[in-house]
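Asks: Pasting in a structure now, in structure tokens, and then I'll have a few things to ask.
The values are calculated or read from the model by the stated rules, or taken from the named source; none is laboratory data. Computed from a predicted model, the values in this text were never measured in an experiment. Cβ coordinates were reconstructed from backbone atoms using ideal geometry, including for glycine residues, and neighbour counts include every protein chain displayed.
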Amino acid sequence: MELNELTIKQAAEGLKKKEFTSVEITRVCLDRIKKRNKEINAFITVCEDSALAEAKAADKILASGKGDVLTGVPFAVKDAICTAGIRSTGAAKILDNYTPPFDATVIRKIRQQGGVLVGKNNCDTFGHGASNENSMYGPVRNPRDTGKVAGGSSGGSAAAVADNMCIYAIAEDTGGSIRQPAAFCGIVGLRPSYGRNSRFGIMPMASSLDTVGPLAKTAEDVALLMEIMAGQDKLDATTVADKVPKYTKAISKSVKGLTVGLPKEYLDVEGMDKETREIILAQAEKLKEAGCEIKKVSLPFTKYAIAVYYIIVPSEDSSNLGRLDGVRYGVRADAKNLYDLYAKSRAQGFPEEVKRRILIGTYALSAGYYDAYYKKAQKVRTLIKNDFENVFKDVDVLLTPTSPFPAFGLGEKADDPLAMYMADVMVAPAAVAGMPALSVPVGNNKKGLPIGAQIIGPRLGEEAVLQVGNKLT
Ligand code: GLN
């Protein structure tokens with residue numbers, strides 16, 4: 001096995017036993033990036049020099065017998081997450097030259113352990129998309145089939161992990177952006193409960209839905225990362241004070257006795273790929289054999305999740321993006337006056353999908369329409385959340401497909417925003433409700449494309465989610 005193919009756990013053990021050094025594993029990852037990034041386009045920025053310097057520093061710590069589990073292990077970060085001293089564009093030209101002076105809280109925690117940052121991942125601009133084709137730095141190709149999309153918006157992060165350009169990646173999930181690319185590329189990705197991990201330093205998309213979580217090769221690695229990333233942060237008032245559980249302990253527990261719900265709204269929907277459905281149902285059988293009780297359940301308000309999501313998210317997007325005016329960073333257009341400067345810089349610095357969301361969101365929030373759209377969507381959001389809370393009185397977790405279909409072709413949905421929005425149909429509901437949800441790879445279809453199973457849990461129920469996910473991988 002090559003060093004870049006290791007899991008975090010394996011890499012940490014090898015480093016501790018001095019079987020190889022951090023500089024060695026980092027070099028192998030950087031070489032892989034050099035070889036593959038031209039085609040896959042998973043990175044916007046590669047930090048070769050700083051990564052090697054960080055690896056050397058990690059090797060010193062390890063040589064003295066010290067170090068934590070992430071010391072010296074190479075990782076990548078979605079470009080919509082701020083990294084101190086490293087350019088962070090959010091895949092937008094309007095932030096093309098932005099270098100944050102600070103780390104996002106979750107990144108600070110990883111770097112404090114001595115994590116080695118190899119680069120910043122391509123994504124749909126500001127997280128707007130489900131295929132990574134809305135990036136101003138070009139689309140990401142799926143390493144499993146380069147004619148297909150890697151998923152979005154964290155397509156670069158999922159492709160980088162799946163193609164062994166790094167050991168794990170940190171990304172953001174507002175409405176599926178960690179889970180769907182993880183499913184399309186055949187790796188594991190967790191959207192934590194809203195408030196579990198600090199959002200400080202994440203470029204805000206829809207503040208009431210944004211979460212930050214890990215993408216890795218195993219559920220065990222995800223559990224390990226969550227123990228480090230989670231916790232209250234005084235820089236993010238929405239983080240919860242609840243103690244961070246020992247996720248790595250939870251995953252080794254037997255799933256026997258757990259009740260798993262199979263919601264009909266995720267299996268019998270229009271456009272559902274037959275093979276995907278069969279593969280997911282086979283997972284339910286597998287869990288049954290392992291001693292779980294499988295219960296058919298229903299969440300009737302699920303059918304409104306996409307409509308609710310695509311009112312609330314563009315509304316919050318339009319408000320958050322108001323701060324980007326072309327004055328301080330990135331694209332600054334030639335203009336005769338201040339108004340012109342704002343208008344032209346924003347016209348050049350944002351891609352079409354971002355403009356579409358600013359227009360939809362501004363409309364939905366405007367006087368006269370606010371009650372009919374935004375307020376109504378918030379009310380239906382509560383009904384969707386109630387559905388989940390009711391069902392979790394009867395079941396421990398829900399099992400669903402992550403996506404109704406496997407990775408689709410590049411260009412296939414690019415000109416049809418509504419078709420692209422519908423790709424989120426299985427990942428938006430948990431996001432709207434603030435619930436944790438994990439995607440795990442559960443096999444390939446006949447064409448060799450990976451299929452992801454989604455495990456949704458109750459709020460702060462990451463332990464059961466990871467426990468069941470671990471059983472399925
Ligand atoms: N496809 C979703 C969207 O376009 C994903 C967003 C996200 O999670 N960042 O809004």
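Asks: Could you go through the range 198-206 and let me know if any residue there is farther than 30 Å from Asn444 by Cα, within 16 Å of the ligand (Cβ to nearest atom) and of a type in the set (Lys, Arg).
Replies: Yes; the residues of the range 198-206 include at least one that is farther than 30 Å from Asn444 by Cα, within 16 Å of the ligand (Cβ to nearest atom) and of a type in the set (Lys, Arg).
Asks: Among (1) outside any helix (DSSP H, G or I); (2) buried (at least 24 other Cβ atoms within 10 Å of the Cβ), there is one condition Cys29 misses while meeting the rest; what is its number?
Replies: Here Cys29 meets the rest and fails (1).
Asks: Can you confirm whether Asp415 is part of a loop (DSSP other than H, G, I, E, B), surrounded by fewer than 17 Cβ atoms within 10 Å (Cβ to Cβ) and without any contact (Cβ under 8 Å) to a residue 60 or more places away in the chain?
Replies: Values: part of a loop (DSSP other than H, G, I, E, B): yes; surrounded by fewer than 17 Cβ atoms within 10 Å (Cβ to Cβ): yes; without any contact (Cβ under 8 Å) to a residue 60 or more places away in the chain: yes.
Yes.
Asks: Moving on. Would you point out which residue out of Gly434, Gly452 is crowded, with 18+ Cβ neighbours inside 10 Å, within 16 Å of the ligand (Cβ to nearest atom) and on the phi > 0 side of the Ramachandran plot?
Replies: Of the residues listed, the single one that is crowded, with 18+ Cβ neighbours inside 10 Å, within 16 Å of the ligand (Cβ to nearest atom) and on the phi > 0 side of the Ramachandran plot is Gly434.
Asks: Could you identify the single residue in Asp145, Asp163 that is more than 16 Å from the ligand (Cβ to nearest atom) and within 17 Å of the chain's Cα centre (by Cα)?
Replies: Result: Asp163 is the single residue among Asp145, Asp163 that is more than 16 Å from the ligand (Cβ to nearest atom) and within 17 Å of the chain's Cα centre (by Cα).
Asks: Next question. Is there any pair with a first residue in the range 169-182 that is within 9 Å of the ligand (Cβ to nearest atom) and a second that is among the acidic types (Asp, Glu) and not in a loop (DSSP other than H, G, I, E, B) whose Cβ atoms are under 7 Å apart and which are 6 or more apart or on different chains, and what are they?
Replies: Final answer for the pair search is Arg179/Asp173.
Asks: Just checking: which of the strands (runs of 3 or more DSSP E) contained wholly in the range 135-221 hold 3 or more residues that are surrounded by 24 or more Cβ atoms within 10 Å (Cβ to Cβ)?
Replies: Qualifying strands (runs of 3 or more DSSP E): 168-173, 188-191, 211-216.
Asks: Picking from Ser439, Ser403, which residue would you name as being part of a loop (DSSP other than H, G, I, E, B), within 14 Å of the ligand (Cβ to nearest atom), within 18 Å of the chain's Cα centre (by Cα) and among the polar types (S, T, N, Q)?
Replies: Residue meeting the stated conditions: Ser403.
Asks: Which pairs turn up if I take residues in the range 122-138 that are farther than 17 Å from Tyr310 by Cβ and more than 10 Å from the ligand (Cβ to nearest atom) and look for partners that are at pLDDT below 95 and not aromatic (Phe, Trp, Tyr) with beta carbon separation below 6 Å, at least 6 apart in sequence or on another chain?
Replies: Glu133/Ala414
Asks: Further question: Which residue is surrounded by the fewest Cβ atoms within 10 Å (Cβ to Cβ), if the candidates are limited to the range 70-120 and must be under 21 Å from Asp49 (Cβ atoms) and small (Gly, Ala, Ser)?
Replies: Gly85
Asks: Right, here's the next one. Of the residues that make up the range 357-375, is at least one modelled with pLDDT of 95 or more and within 30 Å of Ile280 (Cβ to Cβ)?
Replies: no
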